[in-house]
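Heads up: the structure comes next, in structure tokens.
The values are calculated or read from the model by the stated rules, or taken from the named source; none is laboratory data. Just so it is clear, the model here is predicted, and its values are computed rather than measured. Virtual Cβ from ideal backbone geometry, glycine too; neighbours counted across all protein chains shown.
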């Protein structure tokens, strides 16, 4: 549709002004009354051509009026060219949105590795884990929707001195209960107690380090304890992941690289990239202009670190999967670590795929009582339960305005959806504010508003007994009302929005679009009779309703949110 406009504009510029412009971009006007599409190419070229932009714009608009697809073309402001398409042209384009919302994409070719969540074993997921977990899953969903072969990877913190601490705590205060029968809360309590006791007895820290060394050396009893703790944690994590519609292809953690670090250390020392530091340690140094401090890759006592395991992981991923890209979703506090990691890989001469540390800001709470106190973890599962409880209360308070055959299931859908949408609807690069009232609003930019709009559209389709799968008949329409045209144009943006949100790794772009689509549909619903319309108008409005429901469902699912058919 826009290619025809571009070709025509290019012809005018070449023939009338002897100019061969680069890209000519078209976008949707901010004010929908200004047309379906607009370009500012006349303004962009005016200085170069030494012409009045209005003169250039008038020539382009005149050419546009000769195109069969164009209903109207006008010049506005200092040199905008605004275009209105014939209704049938827009309706034909709507088929692309339907395809974008329903196509089954194949997963072939070199994988895109998406690493996210990254919890520590022996601890429950805290509320802060929802950021990496959900943002990572949304990006995985969007890349798959675009046709990428994504390998979703949960990099578990399942190695390190923490297991020495936990093993010491279990031996001293765990009683006679077998390790395999402990709950995650009991493991956390043991870990917390270790730190409390270590403040009074510093020797416990040395005992923990010695215990972890025995674990690294293969002590069978400690290995059995470690395996039990990992299994307990994974079972608990999966319960929360299932509620959030989060899943992984791999959950290889730090322990997997136990036998893969020595090779990397030897390579780095042989190439002179790893240099001896203080007290026998090994470090990587960077150019002064990088402003990066040295990168510690091995301690003086020979112990490895998170950095050593990450280097081994990069080598393993490149050699095993030959990925086209590696994306790692983390808190902004990890920014320096991954800059050093990437720089070290380059110093080693490794050929890296596209690599990006996808960062998100810190979480703040509108309700200060939700802030974590020292020694406590604000558990994600408890926050989910609270969200569902509040959603259930909201359902009760709305009475007959919200109807459902399965109130607990709807409360779960609304509550978890509200929590997730409250995260992904905010710019991930900024600090994310957790606000119950805004998240559970039925009127604002929230999951319940999206869910309610989807249920409203599905209700209309049920009453009309409309077959959504039958798109064989395209309405024959000569004119569109303002609300019809606005909704139609908004639907046509879906494919491009998903592409932009994916390429920029910004979920809030998709969330904002779905909110705008809800607003457009509700304005359309409130002003245009649908069921009482007749003939082609009825078919048009039902087709728009059907496509709205489809886009809302698919868009919500990309954001890991589920929408009800009845509400």
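The set of residues in the range 263-287 being part of a loop (DSSP other than H, G, I, E, B) and farther than 18 Å from residue 301 by Cβ consists of 271, 272, 273, 285, 286, 287. Checking the structure you have, find out if any residue of the range 320-335 is closer than 29 Å to residue 186 by Cβ, part of a loop (DSSP other than H, G, I, E, B) and out of contact with any strand residue (DSSP E or B) (no Cβ under 9 Å at 6 or more places or on another chain). The answer is no, given that none of the residues of the range 320-335 is closer than 29 Å to residue 186 by Cβ, part of a loop (DSSP other than H, G, I, E, B) and out of contact with any strand residue (DSSP E or B) (no Cβ under 9 Å at 6 or more places or on another chain).
Answer yes or no: is there a residue in the range 435-447 that is within 18 Å of residue 551 (Cα to Cα) and part of a helix (DSSP H, G or I). Yes, the range 435-447 has at least one match.
Being in contact (Cβ under 8 Å) with a residue 40 or more places away in the chain and surrounded by fewer than 17 Cβ atoms within 10 Å (Cβ to Cβ) is the requirement here; does residue 126 meet it? Considered against the rule, which asks whether it is in contact (Cβ under 8 Å) with a residue 40 or more places away in the chain and surrounded by fewer than 17 Cβ atoms within 10 Å (Cβ to Cβ), residue 126 comes out as no.
Contact map, the range 348-372: first residue surrounded by 12 or more Cβ atoms within 10 Å (Cβ to Cβ), second residue modelled with pLDDT under 75, Cβ cut-off under 7 Å, separation 6 or more or different chains; pairs are 365/371. Scanning the range 486-523 for residues that are within 13 Å of the chain's Cα centre (by Cα), touching a residue at least 40 places away in the same chain (Cβ under 8 Å) and more than 21 Å from residue 444 (Cβ to Cβ) yields 498, 499, 502, 505.
Taking the range 434-452 as the range and being touching a residue at least 60 places away in the same chain (Cβ under 8 Å) and crowded, with 23+ Cβ neighbours inside 10 Å as the test, the residues that pass are 447, 450, 451. When residues in the range 293-320 are screened for being over 25 Å from residue 215 (Cβ atoms) and surrounded by fewer than 16 Cβ atoms within 10 Å (Cβ to Cβ), 4 of them pass. For the range 266-284, the criterion of being within 30 Å of residue 135 (Cβ to Cβ), modelled with pLDDT of 95 or more and surrounded by fewer than 18 Cβ atoms within 10 Å (Cβ to Cβ) is met by none of the residues.
Go over the candidates 564, 529, 475 one by one and state the one that is without any contact (Cβ under 8 Å) to a residue 24 or more places away in the chain and farther than 30 Å from residue 326 by Cβ.
Numbers: 564 fails: without any contact (Cβ under 8 Å) to a residue 24 or more places away in the chain; 475 fails: without any contact (Cβ under 8 Å) to a residue 24 or more places away in the chain.
Criteria check complete, one pass: 529.
Per-residue answers, yes or no, for (1) buried (at least 20 other Cβ atoms within 10 Å of the Cβ); (2) modelled with pLDDT of 95 or more; (3) assigned to a helix (DSSP H, G or I); (4) in contact with a helix residue (DSSP H, G or I) (Cβ under 8 Å, 6 or more places away or on another chain):
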site	(1), (2), (3), (4)
502	yes, yes, yes, yes
523	no, yes, yes, yes
550	yes, yes, yes, yes
557	no, yes, yes, yes
562	no, yes, no, yes
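Of 122, 152, which residue is in the same structural domain as residue 247 (by TED's automatic domain parsing), at pLDDT below 95 and either assigned to a loop (DSSP other than H, G, I, E, B) or farther than 30 Å from residue 546 by Cβ (or both)? Let's see the steps before the verdict.
Details: 152 fails: at pLDDT below 95.
That would be 122, the only listed residue that is in the same structural domain as residue 247 (by TED's automatic domain parsing), at pLDDT below 95 and either assigned to a loop (DSSP other than H, G, I, E, B) or farther than 30 Å from residue 546 by Cβ (or both).
Scanning the range 187-208 for residues that are surrounded by fewer than 16 Cβ atoms within 10 Å (Cβ to Cβ) and in a helix (DSSP H, G or I) yields 189, 192, 193, 195, 196, 197, 203, 206.
Of all residues in the range 387-433, those that are assigned to a helix (DSSP H, G or I) and touching a residue at least 24 places away in the same chain (Cβ under 8 Å) total 20. Just one of the listed residues (411, 447, 418) is touching a helix residue (DSSP H, G or I) at 6+ places or on another chain (Cβ under 7 Å) and within 18 Å of residue 367 (Cα to Cα), and it is 418.
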